[in-house]
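Q: Please see the structure below; I have some questions.
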Amino acid sequence: MKTTIYYFTGTGNSLKIAKDLEEKLEECELIPIAKVWEDDDLASSSEKVGFIFPLYYAGLPKIVYDFLSKIELGKSNYFFAVITNAGDINNTPLQQIETILNAKSKTLSAGFFIMMPNNYIIGYDVHSEARQKEFFEEANKKIESIHKTVETNEKNLGKDIFEKRRIKSEKFNKGFRDNVYRYDKSFYAEDTCTSCGICVKVCPVNNITLEEGIPQWEHKCQQCLACINFCPEKCIQFGDKTLKTQRYHHPEITVKDIINQKN
Ligand code: SF4
Ligand code: SF4
């Protein structure tokens, strides 16, 4: 395979970008990080390797950080990253990837940010449908230019991107990664829960179980917010932060698509 794209997604924004890019690139396969990150013999044999994932706490999601640290990339020579976000753009995730790749004697060739609708409903409410449409239109244009860059092995990252490090962002992200497993303590299901099990199925790291039909969170959370956003009854809450917020998932990404990332 010429290009392999490894992706991580919670509510489908990154998966949609990954699918669109897969369609455009010649000989490209998608591999979900949630499916492979615990494998012992994790290795890529493709010439080009892409990483597509959301920005979490100014940097890499923990699962992506752990996956990148572990994967063997000896046979690959061109690396690119596409980071979806809702507006908080900084170079820290690119610097984190570069540091991990440098330790494997590799370097990041290209990096891109794509703004997508907010799904972090424990912090902010979702964008209006009109604004979401604007994000999707801009994303489509961006995918065209990413495709051209990757197809021709172009580099778009100068040294300056890696030299000016934002120490505060790195510390902020490390604090998140060190503690995220227990960030699920504020989740609970309201009485309107029907015990349908969708939250259990969409969780990419199997962090939810049903005990006598009631969801329990098992403290190995990645904070992707798939559970709270995909619950059909909208009955999962995160403390009092989500009582008034709406729910979001990418309109073209289904529950089945999210479940498939771990199967
Ligand atoms: S998805 Fe919602 S309704 Fe279904 S089991 Fe989970 S909390 Fe209950
Ligand atoms: S428990 Fe919810 S927020 Fe945590 S990893 Fe699973 S789906 Fe994502």
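Q: Restricting to the range 191-216, name every residue that is open to solvent by less than 60 Å² (accessible area, probe 1.4 Å) and either among the aromatic types (Phe, Trp, Tyr) or more than 13 Å from ligand 2 (Cβ to nearest atom) (or both).
A: The answer is CYS193, SER195, GLY213.
Q: Here's a follow-up. Tell me, which helices (runs of 4 or more DSSP H) lie completely within the range 1-78 with 1 or more residues that are free of Cβ contacts under 8 Å to residues at least 12 places away in the same chain?
A: Qualifying helices (runs of 4 or more DSSP H): 13-24.
Q: Just one of the numbered conditions (1) outside any loop (DSSP other than H, G, I, E, B); (2) under 30 Å from SER128 (Cα atoms) is not true of TYR181; which one?
A: Going through the list (1) outside any loop (DSSP other than H, G, I, E, B); (2) under 30 Å from SER128 (Cα atoms), TYR181 breaks only (2).
Q: Pick out the one residue from PHE53, PHE136 that is open to solvent by less than 10 Å² (accessible area, probe 1.4 Å) and at pLDDT 95 or above.
A: PHE53
Q: What is the residue count in the range 217-254 for residues that are of a type in the set (Asp, Glu) and near ligand 2 (Cβ under 10 Å from one of its atoms)?
A: Number of matching residues: 1.
Q: Name the pairs: first residue in the range 172-185 and within 11 Å of ligand 2 (Cβ to nearest atom), second residue open to solvent by 30 Å² or more (accessible area, probe 1.4 Å) and not acidic (Asp, Glu), Cβ to Cβ under 6 Å, at least 6 apart or on different chains?
A: From residues that are within 11 Å of ligand 2 (Cβ to nearest atom), the pairs are VAL180/LYS62; TYR181/HIS219; TYR181/LYS220; ARG182/HIS219.
Q: Still on this structure, please answer the following. Looking only at the range 142-178, count every residue that is among the basic types (Lys, Arg), over 27 Å from LYS19 (Cβ atoms) and outside any helix (DSSP H, G or I) and tell me the total.
A: The total comes to 3.
Q: Restricting to the range 168-187, give me the number of residues that are under 17 Å from the mean Cα position of the chain (by Cα) and among the acidic types (Asp, Glu).
A: The total comes to 0.
Q: Would a scan of the range 110-125 turn up a residue that is touching a strand residue (DSSP E or B) at 6+ places or on another chain (Cβ under 9 Å), closer than 30 Å to LYS75 by Cβ and open to solvent by 40 Å² or more (accessible area, probe 1.4 Å)?
A: No, that holds for no residue.
Q: Now for a different question. For the range 107-125, does any single residue satisfy the condition of being over 17 Å from the mean Cα position of the chain (by Cα) and over 23 Å from GLY59 (Cβ atoms)?
A: Yes, there is a match, as at least one residue in the range 107-125 is over 17 Å from the mean Cα position of the chain (by Cα) and over 23 Å from GLY59 (Cβ atoms).
Q: Next question. For LEU73, state whether it is of a type in the set (A, V, I, L, M), open to solvent by 10 Å² or more (accessible area, probe 1.4 Å) and touching a strand residue (DSSP E or B) at 6+ places or on another chain (Cβ under 8 Å).
A: Answer is no for this residue.
Q: Test of understanding: among LYS142, LYS164, LYS159, which residue is away from ligand 2 (no atom under 14 Å from the Cβ) and free of Cβ contacts under 8 Å to residues at least 12 places away in the same chain?
A: LYS159
Q: Given the condition open to solvent by less than 80 Å² (accessible area, probe 1.4 Å), touching a strand residue (DSSP E or B) at 6+ places or on another chain (Cβ under 6 Å) and either farther than 22 Å from PHE113 by Cβ or not β-branched (Val, Ile, Thr) (or both), answer yes or no: does some residue in the range 160-172 qualify?
A: No, the range 160-172 contains no residue that is open to solvent by less than 80 Å² (accessible area, probe 1.4 Å), touching a strand residue (DSSP E or B) at 6+ places or on another chain (Cβ under 6 Å) and either farther than 22 Å from PHE113 by Cβ or not β-branched (Val, Ile, Thr) (or both).
Q: Shifting gears a bit: So, in the range 207-263, exactly how many residues are near ligand 1 (Cβ under 9 Å from one of its atoms) and over 18 Å from VAL180 (Cα atoms)?
A: Looking only at that region, the number is 11.
The values are calculated or read from the model by the stated rules, or taken from the named source; none is laboratory data. The structure presented is a predicted model; accordingly, all values stated were derived computationally and were not measured. FYI the Cβ positions are ideal-geometry reconstructions off the backbone, even for glycines, and counts take in every protein chain you see. For the accessible areas, the whole protein counts, side chains as well, though only heavy atoms, and no ligand, DNA or RNA atoms are used. Shrake-Rupley method; radii C 1.70, N 1.55, O 1.52, S 1.80 Å.
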